[in-house]
Amino acid sequence: EITSLLSLYGGQFSGEQEIRVNSPFWILNIPSEEMARGLMKRTVCAKSIFELWGHGRSAEELYVSLKNYPMDKMLPYLQSDSTYKVHIHTFNKTLTQAQKIKKIDALEFLPFKGRVNLKNPEHIFWILEDYGMDPNNVPEEPFHLYFGRWIADGQRELIESYSVKKRHFIGNTSMDACLSFIMANHGRVKPNDVVYDPFVGTGGLLISSAHFGAYVCGTDIDYNTIHGLGKASRKNQKWRGPDENIRANLRQYGLEKYYLDALVSDSSRPIWRKGMLFDAIITDPPYGIREATRRMGSHKETVKSAERSTESHIFVSSNYHLSDIFFDLLKFAAEYLVMGGRLVYWLPIYRPEYTEEIIPRHPCLKLISNCEQMLSSHTSRRLITMEKVKEFKDQDQNSYLLDGQYTPYRGHNSFREKYFSGVTKRIAKEEKDNQK
């Protein structure tokens, strides 16, 4: 998420920063404080950002680093007519109040001239100490120390304010608010973008994109979901109410002006005219037993179905293999994304058999990131982010990466079809076991 936002707002990881999974602190090079604030207005993963004045692997190294920090950069925040406070944050360790005061007093060499104000200071300075990730083996001294001026907090409050528990219209698999915002950030959604979800469901992924100022639309094969009809997914509610629909969800958050529309459509048969381009495609394809994978049946079957029914929206559906879903999704993204636009989607996997080889590829799309969310000891899903780097041409219509080379798609004989069939069965079994 941070890497995507840095590419959107400007900045990069510091050359001296070793990006470690087991470190809660990262050092970034960002050209301006304005860009830093822009980044923090988007992220739900980062907690806070600071202007780094000094850091080291020991208290002595930290003090030396602080003494070498340019005085002209410090002085604007240390004036006599200003107020300030110093806050200490220790990761994986709790300090006593006496220990905290001792560490603050050790910074007396800094030329603080203002007054201390603990309730409403103009400037807040933080001492950050990293004691590692193992709660059963906490060291006496921190592995790394940082000192800096607080600039801004992230948007973690969005997780609660957009919680699915409080949402007007939900389904069996409505996306968690935190993950929805992370996906929008992976897609680098920005104001006035047009964002599309081909498996829109109850529109959970549209909400986060609309929050960032994008115009949103989607399609789904389920007529009842699109129109807010049928059985409710909420506990103690049998049927959906008269105003339970995607538009009502966006209205709930004051985002209705960004809602374009949602259409009943089969994602395996694109309905858009040539040249209809989206800035981002953000979606969660169906898998498991709670969301069936369906597409329209043959023309002959559809005619027979129409003869039996007076409802024109009833049609014959056939199985939609998981490997076909991803093949169609990548082909659609390659054709309908703008250049530099991003595709963000979830890929279910069976962990003991997972290899990077099974990730679907397309010659027009570049893999940007691949992040895992654990579901159980054996299953997980990966958040795949891809970027369009090449214009779509007729020869790319059925291109698919197989055994390291782009070849015409081989359908159900491909090893991916066999793999994803197994994944679907395992996820369905685990869901049934959980229901029991």
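The values are calculated or read from the model by the stated rules, or taken from the named source; none is laboratory data. Please read these numbers as outputs of a predicted model, since none were measured by experiment. So basically every Cβ, Gly included, is an ideal-geometry build from the backbone, and we count neighbours across all protein chains shown. Note: accessible area is taken over every heavy atom of the protein model, side chains too, but ligands, DNA and RNA are not part of it. Shrake-Rupley method; radii C 1.70, N 1.55, O 1.52, S 1.80 Å.
Looking at segment 139-170, which of the residues that are touching a Phe, Trp or Tyr at 6+ places or on another chain (Cβ under 8 Å) and aliphatic (A, V, I, L, M) is most open to solvent (accessible area, probe 1.4 Å)?
Among those residues, the one meeting the criterion is I159.
State yes or no: is F181 open to solvent by less than 10 Å² (accessible area, probe 1.4 Å) and over 19 Å from the mean Cα position of the chain (by Cα)?
No: the conditions fail for F181.
Please state which of the following conditions I349 fails to meet, knowing it meets all the rest: (1) at pLDDT below 95; (2) open to solvent by 10 Å² or more (accessible area, probe 1.4 Å); (3) not charged (D, E, K, R).
Failing condition for I349: (2).
Right, N192: open to solvent by 20 Å² or more (accessible area, probe 1.4 Å), assigned to a loop (DSSP other than H, G, I, E, B) and assigned by the TED database to the domain that holds G241 or not?
Details: open to solvent by 20 Å² or more (accessible area, probe 1.4 Å): yes; assigned to a loop (DSSP other than H, G, I, E, B): yes; assigned by the TED database to the domain that holds G241: yes.
Here the answer is yes, as N192 does meet what is asked.
Among the numbered conditions (1) out of contact with any Phe, Trp or Tyr (no Cβ under 6 Å at 6 or more places or on another chain); (2) farther than 30 Å from C45 by Cβ; (3) among the aliphatic types (A, V, I, L, M), tell me where A262 comes up short.
Only one criterion in (1) out of contact with any Phe, Trp or Tyr (no Cβ under 6 Å at 6 or more places or on another chain); (2) farther than 30 Å from C45 by Cβ; (3) among the aliphatic types (A, V, I, L, M) is unmet by A262, namely (2).
Go through segment 358-373 residue by residue and tally those that are out of contact with any Leu (no Cβ under 6 Å at 6 or more places or on another chain), free of Cβ contacts under 8 Å to residues at least 40 places away in the same chain and surrounded by fewer than 17 Cβ atoms within 10 Å (Cβ to Cβ).
Qualifying residue count for the region: 4.
Report the residue count in segment 213-247 for those that are among the charged types (D, E, K, R), in a loop (DSSP other than H, G, I, E, B) and under 17 Å from K166 (Cα atoms).
5
Only residues that are open to solvent by 60 Å² or more (accessible area, probe 1.4 Å) and more than 19 Å from S161 (Cα to Cα): list them for segment 248-262, please.
The answer is K257, L260, D261.
Being within 39 Å of the chain's Cα centre (by Cα) and either among the small types (G, A, S) or assigned to a loop (DSSP other than H, G, I, E, B) (or both) is the filter here; which residues of segment 87-106 pass it?
N92, K93, T94, L95, T96
Give all pairs with beta carbons closer than 8 Å in which a residue from segment 231-251 that is under 13 Å from S174 (Cβ atoms) and β-branched (V, I, T) meets a residue that is open to solvent by less than 40 Å² (accessible area, probe 1.4 Å) and part of a loop (DSSP other than H, G, I, E, B); count only pairs at least 6 apart in sequence or on separate chains.
Correct list of pairs: I246/F169; I246/V200; I246/T202; I246/G203; I246/G228.
Any chance segment 154-172 includes a residue that's touching a residue at least 60 places away in the same chain (Cβ under 8 Å), within 22 Å of N68 (Cβ to Cβ), β-branched (V, I, T) and out of contact with any Gly (no Cβ under 6 Å at 6 or more places or on another chain)?
no
Which one is nearest to L145 (Cα to Cα) among residues in segment 87-113 that are surrounded by 15 or more Cβ atoms within 10 Å (Cβ to Cβ) and among the aromatic types (F, W, Y)?
Applying the filter and picking the extreme gives F91.
Identify all residues within segment 248-261 that are under 22 Å from the mean Cα position of the chain (by Cα), under 15 Å from G228 (Cα atoms) and not polar (S, T, N, Q); write none if there are none.
Passing the criteria: only L250.
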